[in-house]
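The values are calculated or read from the model by the stated rules, or taken from the named source; none is laboratory data. Predicted model, so just to flag it, every value in this text is computed and none were measured. Virtual Cβ from ideal backbone geometry, glycine too; neighbours counted across all protein chains shown.
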Amino acid sequence: MTVTVVDVPEARRYEARVEGKTGVAGFSEYIRTAELIAFVHTEVAPAHEGRGIGSALVRTSLDEARTAGLRVLATCPFYASWIDRHPDYADLLYQNRSNASD
């Protein structure tokens, strides 16, 4: 099974498609600024669950974030847990540098 992941900026999401299948197998929605990309939601179609679609989405989008020099805010639980299991991507995570407190 060949999975292709592409950024669709006009929809603010990455989409995964499976070769030979029609439609989107999964997607990851994001909010992007010049310095940061926040991944807010990931969804995989039930017919494609458990086949590595989510991992392909995360790996591709994080690799592209690294190339673009973006910090990553993983508000999506799938992204957060994936990064926890793949610490070689932890350096991308956004770190709050503010000293302000309530």
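Among strands (runs of 3 or more DSSP E) lying entirely in the range 4-102, which contain 2 or more residues that are of a type in the set (Val, Ile, Thr)? Show your work before the answer.
Values: elements: 13-18, 26-32, 36-44, 71-74.
Ranges flagged: 36-44.
Annotation: residue 18 fulfils all but one of (1) out of contact with any helix residue (DSSP H, G or I) (no Cβ under 7 Å at 6 or more places or on another chain); (2) in contact (Cβ under 8 Å) with a residue 12 or more places away in the chain; (3) more than 21 Å from residue 92 (Cβ to Cβ); the unmet one is (1). For the range 4-20, the set of residues classified as among the charged types (D, E, K, R) and surrounded by 12 or more Cβ atoms within 10 Å (Cβ to Cβ) consists of 7, 12, 13, 15, 17, listed by residue number. In the condition set (1) in contact with a Leu (Cβ under 9 Å, 6 or more places away or on another chain); (2) more than 17 Å from residue 11 (Cα to Cα); (3) at pLDDT 95 or above, residue 94 is compliant with all but (3).
Restricting attention to the range 80-92, and to residues there that are of a type in the set (A, V, I, L, M, F, W, C) and touching a helix residue (DSSP H, G or I) at 6+ places or on another chain (Cβ under 7 Å), which single residue is nearest to residue 37 (Cα to Cα)? Explain how you work it out, then say what you get.
Going through the range 80-92, the residues of a type in the set (A, V, I, L, M, F, W, C) turn out to be 80, 82-83, 90, 92.
Those left that are additionally touching a helix residue (DSSP H, G or I) at 6+ places or on another chain (Cβ under 7 Å): 82-83, 90, 92.
On the way: 82: 16, 83: 15, 90: 14, 92: 10 Å.
That would be 92.
Scanning the range 31-65 for residues that are in contact with a strand residue (DSSP E or B) (Cβ under 9 Å, 6 or more places away or on another chain) and under 15 Å from residue 92 (Cα atoms) yields a total of 13. Residues that are among the aliphatic types (A, V, I, L, M) and under 14 Å from residue 9 (Cα atoms) were ranked within the range 21-67; the one that is surrounded by the most Cβ atoms within 10 Å (Cβ to Cβ) is 37.
Any residue in the range 58-79 that's closer than 14 Å to residue 38 by Cβ: show its pairings with residues that are modelled with pLDDT of 95 or more and of a type in the set (S, T, N, Q) at Cβ separation under 8 Å, as long as the two are six or more apart or on different chains. These pairs meet every condition: 58/28; 58/42; 61/28; 76/28; 76/42; 78/42; 79/28; 79/42.
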